[in-house]
1. Tally the residues that are among the hydrophobic types (A, V, I, L, M, F, W, C) and not in a helix (DSSP H, G or I), restricting the search to region 381-401.
2. Pick from TRP284, TRP274: which is surrounded by fewer than 19 Cβ atoms within 10 Å (Cβ to Cβ), within 19 Å of the chain's Cα centre (by Cα) and farther than 29 Å from PHE107 by Cβ?
3. Just one of ALA341, ALA361 is out of contact with any helix residue (DSSP H, G or I) (no Cβ under 9 Å at 6 or more places or on another chain), among the aliphatic types (A, V, I, L, M) and surrounded by 14 or more Cβ atoms within 10 Å (Cβ to Cβ); which is it?
4. Do we have THR193 as among the β-branched types (Val, Ile, Thr), over 30 Å from GLN338 (Cβ atoms) and assigned to a helix (DSSP H, G or I) here?
5. Filter region 241-256 down to residues that are under 17 Å from GLY227 (Cα atoms) and surrounded by 23 or more Cβ atoms within 10 Å (Cβ to Cβ), then give me how many there are.
6. Tally the residues that are within 18 Å of GLY260 (Cα to Cα), among the acidic types (Asp, Glu) and surrounded by fewer than 19 Cβ atoms within 10 Å (Cβ to Cβ), restricting the search to region 148-177.
7. Could you tell me whether SER325 is modelled with pLDDT of 95 or more and surrounded by fewer than 19 Cβ atoms within 10 Å (Cβ to Cβ)?
8. May I ask you to list the residues in region 136-162 that are touching a residue at least 40 places away in the same chain (Cβ under 8 Å) and more than 13 Å from ALA372 (Cβ to Cβ)?
Amino acid sequence: MKTNLNTLPCVTLVDQAAMKQTHKSRAPLSLHALLNKCSFSTPINLLSAIAVLCSVSFTTFALQTQDVASLVAQNKANFGQCLEGKKVEALNAGVSQSRVNAEFDGFTFIPRVIELDRSQPEFVSTFPNYFSKRVNEWRITKGREKYAEHREFLRTLTDQYGIPGHYLISFWGLETNYGGFKGTMSTLDSLATLACDERRSRFFSNELFLALKLMDSQGLKREEMQGSWAGAMGHTQFMPTTYTNYAIDGDGDGKIDLWGSEKDALASGANFLWQLGWQPGLRWGREVKLPQGFDFQLANNEVKTITQWRALGIVKGDGSSLPNSDIESRLRVPAGHQGPAFLTYANFRTIMRWNNSEFYAIAVGQLANQIAGGAGLHATLPDLPSFKISDIVKLQNKLNELGYDVGGADGIMGPATREGIRQFQAQNGLVADGFPSPSTVDTVLNTR
């Protein structure tokens with residue numbers, strides 16, 4: 001069954017320092033969990049490896065029946081033979097003969113990569129859990145230090161690309177803790193291991209070949225190329241496709257080094273965001289406060305001007321009036337009616353093109369605000385329980401049984417599931433925010 005990934009929340013390699021938490025739970029679907037559910041069926045010559053994962057079609061994969069241990073053993077046994085074939089493919093893809101000769105015989109199969117690739121999350125995290133782990137005092141304070149350190153350089157990037165510096169610092173902080181954790185796995189060995197795994201061989205073979213080309217074009221050294229298990233690299237955690245297409249030389253030394261050069265990383269982030277469609281002069285959005293009795297069916301679905309939202313009684317998070325403006329925006333309530341609310345603008349969607357996750361985009365925007373000296377959230381983050389994936393599956397099955405078509409029961413809180421919940425809530429006297437609060441879930445499951 002093929003499903004358009006644009007209908008699902010997906011995230012890339014975010015917050016490497018909190019990777020264990022990120023990949024054990026998902027509020028949006030993590031890249032690693034997404035990889036575990038898909039095998040690619042289209043060419044990889046797209047915006048970036050990240051964009052591929054969030055836009056192409058995929059075929060669902062029955063991981064439950066996969067014996068990971070036997071798969072690891074099989075892939076390891078076939079690794080040498082696979083690499084012989086990949087040598088020919090690499091040459092045909094434009095990798096130099098000298099690079100093939102220098103690197104292929106040194107590739108090492110990494111069993112842990114396959115294990116991580118097949119791992120399954122157990123819990124769905126909530127927005128309060130996700131946000132509090134990422135927009136914290138350490139990251140705000142460190143971000144302000146880095147913002148001050150690179151202030152002049154960031155100003156030149158803003159002049160050239162239109163991206164305010166505090167946003168670039170925010171992305172950097174969320175991706176790798178400002179370079180504090182860029183990953184510890186060999187990029188080449190990880191990519192070679194995944195290129196020789198049948199499920200997504202084509203995708204990772206392309207990434208491997210591009211990484212080898214980068215060694216020649218940028219003078220990268222094998223021992224320095226370390227990152228995530230899936231091949232994301234450097235301060236900004238770019239996959240080789242993104243590195244090749246959008247990374248630039250920021251420090252003027254004639255090469256692009258996303259590991260060793262903070263200026264290269266910041267400039268590359270600015271170029272990438274600009275290419276993704278960032279609108280200069282426009283913020284990401286803002287926290288807002290909703291009036292009593294607000295119709296939550298307008299959240300997430302309706303696009304209105306700021307003036308129109310103002311007419312409905314919405315004010316800024318601090319209680320002051322919204323400006324009159326024709327800027328179009330969308331209202332988002334990531335924790336339901338009990339949590340904070342946000343109006344998001346066009347650049348919010350640009351952030352989601354870097355990482356197609358509502359939670360991630362809000363975290364980027366709010367962290368950027370606070371790095372620049374803005375206030376934290378005015379609303380209190382509610383104490384919400386994390387749901388097991390199996391609980392969401394039960395909820396989806398029950399909604400389908402009751403006539404609210406949410407599609408397949410996959411445990412993913414995508415748009416169709418949220419809309420099904422919203423419709424149920426509206427028809428049963430509940431606040432129709434589309435959020436699976438414990439009371440809503442109990443009501444659904446107990447409805448006959």
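The values are calculated or read from the model by the stated rules, or taken from the named source; none is laboratory data. Since this is a predicted model, take the numbers as computed values, not measurements. In this analysis, Cβ positions are derived from the backbone assuming ideal geometry, glycine residues included, and neighbour counts consider all displayed protein chains.
1. Of region 381-401, the ones among the hydrophobic types (A, V, I, L, M, F, W, C) are 381, 384, 387, 389, 392-393, 395, 399.
Imposing the further condition that a residue be not in a helix (DSSP H, G or I) reduces the set to 381, 384, 387.
Total satisfying the criteria: 3.
2. Values: TRP284 fails: surrounded by fewer than 19 Cβ atoms within 10 Å (Cβ to Cβ).
The conditions single out TRP274.
3. Details: ALA361 fails: out of contact with any helix residue (DSSP H, G or I) (no Cβ under 9 Å at 6 or more places or on another chain).
That would be ALA341, the only listed residue that is out of contact with any helix residue (DSSP H, G or I) (no Cβ under 9 Å at 6 or more places or on another chain), among the aliphatic types (A, V, I, L, M) and surrounded by 14 or more Cβ atoms within 10 Å (Cβ to Cβ).
4. Details: among the β-branched types (Val, Ile, Thr): yes; over 30 Å from GLN338 (Cβ atoms): yes; assigned to a helix (DSSP H, G or I): yes.
Spelling it out, THR193 is indeed among the β-branched types (Val, Ile, Thr), over 30 Å from GLN338 (Cβ atoms) and assigned to a helix (DSSP H, G or I).
5. Within region 241-256, residues that are under 17 Å from GLY227 (Cα atoms) and surrounded by 23 or more Cβ atoms within 10 Å (Cβ to Cβ) number 5.
6. So the count comes out to 1.
7. On the way: modelled with pLDDT of 95 or more: yes; surrounded by fewer than 19 Cβ atoms within 10 Å (Cβ to Cβ): yes.
Here the answer is yes, as SER325 does meet what is asked.
8. Selection gives ARG139, HIS150, PHE153, LEU157, GLN160, TYR161, GLY162.
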